[in-house]
Amino acid sequence: MQTFPTEGICPNAISFDVQDGRLTQVSFHGGCPGNLKAISTLLEGMPVQEAAAKLKGITCGQKSTSCTDQLATLLQQHAIPSEK
């Protein structure tokens, strides 16, 4: 499992693992526990690229980002192989 710090959102970190290209063990450290646990449950087993595509660009209130947007960014940076 990998854990990454966040910026400008309620959780101070997000953890996740990837197995066979699918997202597992998503955990938000802090934030809205009910909502974030529900999101984590819904994402369990989802292909990483699909999860990143669905979550990218979602904002929270007046913020330019959100918990899910930052997860999408982390997935793109650390879990989706870059095409070179």
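Here are the numbers:
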item: Evaluation of PHE16 against (1) in contact (Cβ under 8 Å) with a residue 24 or more places away in the chain; (2) part of a loop (DSSP other than H, G, I, E, B); (3) under 13 Å from the mean Cα position of the chain (by Cα) (one fails), failing number; result: (2)
item: Unique match (being open to solvent by less than 70 Å² (accessible area, probe 1.4 Å), within 14 Å of ILE80 (Cβ to Cβ) and without any contact (Cβ under 8 Å) to a residue 60 or more places away in the chain) among GLY57, GLY21, GLY30; result: GLY21
item: Test: residue in the stretch 4-12 that is open to solvent by 70 Å² or more (accessible area, probe 1.4 Å), closer than 17 Å to PRO81 by Cα and without any contact (Cβ under 8 Å) to a residue 60 or more places away in the chain; result: no
item: Residue match in the stretch 63-83 (condition: assigned to a helix (DSSP H, G or I), more than 10 Å from the chain's Cα centre (by Cα) and of a type outside the set (Phe, Trp, Tyr)); result: yes
item: Criterion violated by ALA38 - all others in (1) in contact (Cβ under 8 Å) with a residue 40 or more places away in the chain; (2) loosely packed, with under 12 Cβ neighbours inside 10 Å satisfied; result: (1)
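The values are calculated or read from the model by the stated rules, or taken from the named source; none is laboratory data. Small disclaimer: the values here were computed from a predicted structure and weren't measured. Glycine also receives a Cβ, built like all others from the backbone with ideal geometry; neighbour counts cover every protein chain displayed. Remember, those area values only see protein heavy atoms, side chains included, never the ligands or the DNA or RNA. Shrake-Rupley method; radii C 1.70, N 1.55, O 1.52, S 1.80 Å.
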